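First up is the structure itself, then whatever we jot down about it.
The values are calculated or read from the model by the stated rules, or taken from the named source; none is laboratory data. Computed from a predicted model, the values in this text were never measured in an experiment. For neighbour counting, all protein chains shown are included, and Cβ atoms are generated from backbone atoms with ideal geometry for every residue, glycine included.
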Amino acid sequence: MQIKIDHLTKKFPDTTAVDDFTMEFESGKLTALLGPSGCGKSTMLNMLAGILPATDGHIYFDDDDVTDMPPQKRGVGLVFQNYALYPHMTVLENICFPLEIQKVNKAERIEKAKEMAKLVHVDQYLDRKPKELSGGQQQRVAIARALIKTPRLLLLDEPLSNLDARLRIEMREEIRRIQQETKVTTIFVTHDQEEAMSISDSIVLMKDGILMQVDKPQALYDDPNHTFVASFLGNPPINNLEGIINDAGDFELKDHSATIKLNEKKGIKGEEVILGIRPEAITIGPDFNTKAEILERYTMGKEELANIKIGSAELRVYISVDHDCKKGDVIDLVLRNKGVFLFDKASGKRL
Amino acid sequence: MAEAVLKSKKRSSSGIFNTKWEPLIYLAPFLIGVIIFTLYPFFNIILISFKEGYRQMTGAFQSFGFDNYVHIFTDPYFINALKNTAMYVGFVVPISTALSLFFANLLNQKIKGIGIFQTAFFLPMVTSVTAIGLVWKLMFNDRIGVINAMLGLFGVERIEWLLDPAMNIWALIIYGIWNMMPFTIIILLSGLQNIDPLYYTAAKVDGASSRKQFFRITVPLLAPTIGLTCIINMISASKVFGELFPLFSGRPGTAYNLFTMVYYIYYEFNVARHLGYAAAASIILFIIVFVFTMIQLYVQRRWRYY
Ligand SMILES: Nc1ncnc2c1ncn2[C@@H]1O[C@H](COP(=O)(O)OP(=O)(O)OP(=O)(O)O)[C@@H](O)[C@H]1O
Ligand SMILES: [Mg+2]
């Protein structure tokens, strides 16, 4: 099912949690709602589920306007951040509950529940109470409970935030698998950019209730339209240098301590800009025009990183092991085309 | 470090202080109080209940045995007291618990002015029981009482609540139900407020009606609290006594027909001065309350979910 939202707004007494969203969620795809804490992700999800009324705008499921439809009629499955499994019911009863409400007969709903339990790999825990399960198992039960009524839309609110690092990776793959097996349109809330990058078909990046960019994960990384987008994605993070465009069309640091030659001139002059350089976006070699001093070299896992200094600006970049430069050396480097972005300083927009 | 350990070891083995008896010294004031005012009377009553013709002043008695028990179990007033108490507990506890659950659920809603209603429901708890009883006496009045007036609207004939011995127990039960509700509502309301509202949101998304939410989520999650109020209320209802005074001007019903267990004990002790009978009846009451508590504890353990 395709979801369209049209100028959707949610205002609370002193915040606008979702500010004038217009976009589409693709049918049968997994979309991640990504953004820092408090940016309105849960609010957005709750409006889609029908738990929160919208202040303004419309929500369409395919062609139906569901803006004022109560949650039980929307046919959505919702997985809460802390699962909200009913503590007094067994795993089987929990999974059955939505069908029990729909008055499906008992034999049928138990059969269906077992099928769901198998899908999410919790079929050996059917008689246990939620408190007797691990976080990951509880989460899978919550997904089974959301899926059993064959929802048109599956909503997951930061379902992995309570899990440890290893289980998170395991579970996000699990969610990916379940989504691909069931082909249900899924919206997944997270504040972890890596999580969003690794499992979603597309990412909706938001900040302070404002929609920043919607795109495929790689496109979002390669082609951010705002300095916030560029900074939010990527680890280690992008290097942001403040400065101006000089008469030659190149980038000059604010204190004029260095100039960095840009491969692509934007045809502007004298403007205050932010130059974003991804850590992997430099090449070292002779005859290049930007000088940098190596402050420190270190390895992070299998990666070779270095802190370097161009003029007064410090950057963290990848340096291939082939270059046996060491602390204190001055190297020549050049920017690659990919992974280097110019943003307007005032608006943050890409130039 | 080692020196310090040695030192403290030495200290702890000297004198009565710093021995395993030390805590007892601190507890002594409390323990002595408990022994004098609780344990001694308790065991003394057990003894007295076996002494026939026991006299409080001289401590003399005629024989030691089950005579007092035989007497009370052949005393129609005692049998009547047992029956009345059982009926009182049997009606008041379930009905007041059910009503309290209903009202607690209403009081737990997020609506404007809910504070006023909450206060109104809890007001009886801080009001004198006797004053309330006198008001009820007035309401039960068969000529000018508001209860008959209201029933009259539905064509019910005048009921002599406080005069007709057959109606006395119902008056007592109705008053008892009302009396028990504020406390029960407070306990249940605090239980309700401990239920994570997320469960209701989840149930709503699944399409559960408020009725379904109440019976499938609220009641099971509240079961331990309901069990607790039931135990407390059964015990306090078994001891129904003070409620009789304002309604029937100190008598157990119009025609001495509404003896309750505690009223019987009070009567045998204070009025008839049969200490042995009073003691035996107390022991029977104790056993009944004790059995109730055990059953409830057992059931409650099976109800506990998390
Ligand atoms: N019921 C409410 N009343 C008032 N303000 C609210 C309410 N719910 C959320 N907000 C505000 O709306 C903004 C968005 O909240 P929301 O819960 O959607 O954030 P979020 O992106 O889900 O954050 P997190 O990642 O921490 O869960 C926050 O500033 C929050 O304080
Ligand atoms: Mg949230």
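Just a few scattered comments:
- Exclusive hit being within 16 Å of ligand 2 (Cβ to nearest atom), without any contact (Cβ under 8 Å) to a residue 40 or more places away in the chain, in the same structural domain as A:Thr190 (by TED's automatic domain parsing) and under 30 Å from A:Gly135 (Cβ atoms), set A:Ile110, A:Ile101, A:Ile51: A:Ile51
- The single condition among (1) at pLDDT 90 or above; (2) within 14 Å of another protein chain (Cβ to nearest Cβ) that B:Ser238 does not satisfy is (2).
- A:Glu195 vs. criteria surrounded by fewer than 21 Cβ atoms within 10 Å (Cβ to Cβ) and acidic (Asp, Glu): no
- Flag for A:Ala144 being under 14 Å from the mean Cα position of the chain (by Cα) and more than 16 Å from ligand 2 (Cβ to nearest atom): no
Here's the yes/no breakdown for (1) away from ligand 1 (no atom under 16 Å from the Cβ); (2) surrounded by fewer than 19 Cβ atoms within 10 Å (Cβ to Cβ):
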{"site": "A:Ile143", "(1), (2)": "yes, no"}
{"site": "A:Lys149", "(1), (2)": "yes, no"}
{"site": "A:Leu154", "(1), (2)": "yes, no"}
{"site": "A:Thr182", "(1), (2)": "yes, yes"}
{"site": "A:Asp208", "(1), (2)": "no, yes"}
{"site": "A:Pro217", "(1), (2)": "yes, no"}
{"site": "A:Asn225", "(1), (2)": "yes, yes"}
{"site": "A:Phe228", "(1), (2)": "no, no"}
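- Taking the criterion of being crowded, with 19+ Cβ neighbours inside 10 Å and either hydroxyl-bearing (Ser, Thr, Tyr) or assigned to a strand (DSSP E or B) (or both), the residues of segment A:156-180 that qualify are A:Leu156, A:Asp157.
- Within segment B:263-284, the set of residues being in contact (Cβ under 8 Å) with a residue 60 or more places away in the chain and within 19 Å of B:Met234 (Cα to Cα) comprises B:Tyr263, B:Tyr264, B:Ala281, B:Ser282, B:Ile283, B:Ile284.
- Of the residues in segment A:71-83, at least one is assigned to a loop (DSSP other than H, G, I, E, B), more than 8 Å from chain B (Cβ to nearest Cβ) and within 19 Å of A:Phe25 (Cα to Cα).
- In this structure, A:Phe12 does satisfy being over 19 Å from A:Ile148 (Cα atoms) and within 16 Å of ligand 2 (Cβ to nearest atom).
- In segment B:188-203, the residues that are away from chain A (no Cβ under 14 Å) form Cβ pairs under 8 Å with partners that are among the aliphatic types (A, V, I, L, M) and surrounded by 12 or more Cβ atoms within 10 Å (Cβ to Cβ), at six or more places apart or across chains, as follows: B:Leu188/B:Leu101; B:Leu188/B:Ala104; B:Leu188/B:Leu222; B:Leu188/B:Ile226; B:Leu189/B:Ala104; B:Leu189/B:Leu107; B:Leu192/B:Ala104; B:Leu192/B:Leu222.
- Exactly one residue out of B:Ala223, B:Ala202, B:Ala208 is touching a strand residue (DSSP E or B) at 6+ places or on another chain (Cβ under 9 Å), surrounded by 18 or more Cβ atoms within 10 Å (Cβ to Cβ) and within 30 Å of A:Gln102 (Cβ to Cβ), and it is B:Ala202.
- Selected residue (criterion: farthest from the chain's Cα centre (by Cα)) from residues of segment A:25-45 that are closer than 18 Å to A:Leu78 by Cβ and near ligand 2 (Cβ under 9 Å from one of its atoms): A:Thr43
- Taken over segment A:36-57, residues that are more than 9 Å from ligand 1 (Cβ to nearest atom) and within 14 Å of another protein chain (Cβ to nearest Cβ) amount to 6.
- Every residue from segment B:204-230 that is within 10 Å of chain A (Cβ to nearest Cβ) and of a type in the set (Val, Ile, Thr): B:Val205, B:Ile217, B:Val219
- Only listed residue being at pLDDT below 90, in contact with a His (Cβ under 9 Å, 6 or more places away or on another chain), surrounded by 14 or more Cβ atoms within 10 Å (Cβ to Cβ) and in the same structural domain as A:Gly243 (by TED's automatic domain parsing), chosen from A:Ile319, A:Ile331: A:Ile331
- Residue within segment A:84-94 that is within 21 Å of A:Asp201 (Cα to Cα), buried (at least 20 other Cβ atoms within 10 Å of the Cβ), more than 11 Å from ligand 1 (Cβ to nearest atom) and within 14 Å of chain B (Cβ to nearest Cβ) present: no
- In a residue-by-residue description of segment B:158-172, the property of being within 14 Å of another protein chain (Cβ to nearest Cβ) and more than 21 Å from B:Ala237 (Cα to Cα) applies to no position.
- Residue check, B:Gly250 at the interface with chain A (Cβ under 10 Å from one of its Cβ atoms), surrounded by fewer than 21 Cβ atoms within 10 Å (Cβ to Cβ) and in a loop (DSSP other than H, G, I, E, B): no
- Pairing each residue of segment A:184-213 that is under 16 Å from A:Ile143 (Cβ atoms) and within 14 Å of ligand 2 (Cβ to nearest atom) with any residue that is among the acidic types (Asp, Glu) and assigned to a strand (DSSP E or B), provided the two are 6+ apart or on different chains, yields C-beta distances under 6 Å for A:Val189/A:Asp157.
- The set of residues from segment A:1-35 being closer than 15 Å to A:Phe188 by Cα and within 7 Å of ligand 1 (Cβ to nearest atom) comprises just one member, A:Gly35.
- Conditions (1) touching a strand residue (DSSP E or B) at 6+ places or on another chain (Cβ under 9 Å); (2) away from every other protein chain (no Cβ under 14 Å); (3) within 13 Å of ligand 1 (Cβ to nearest atom): number failed by A:Tyr60: (3)
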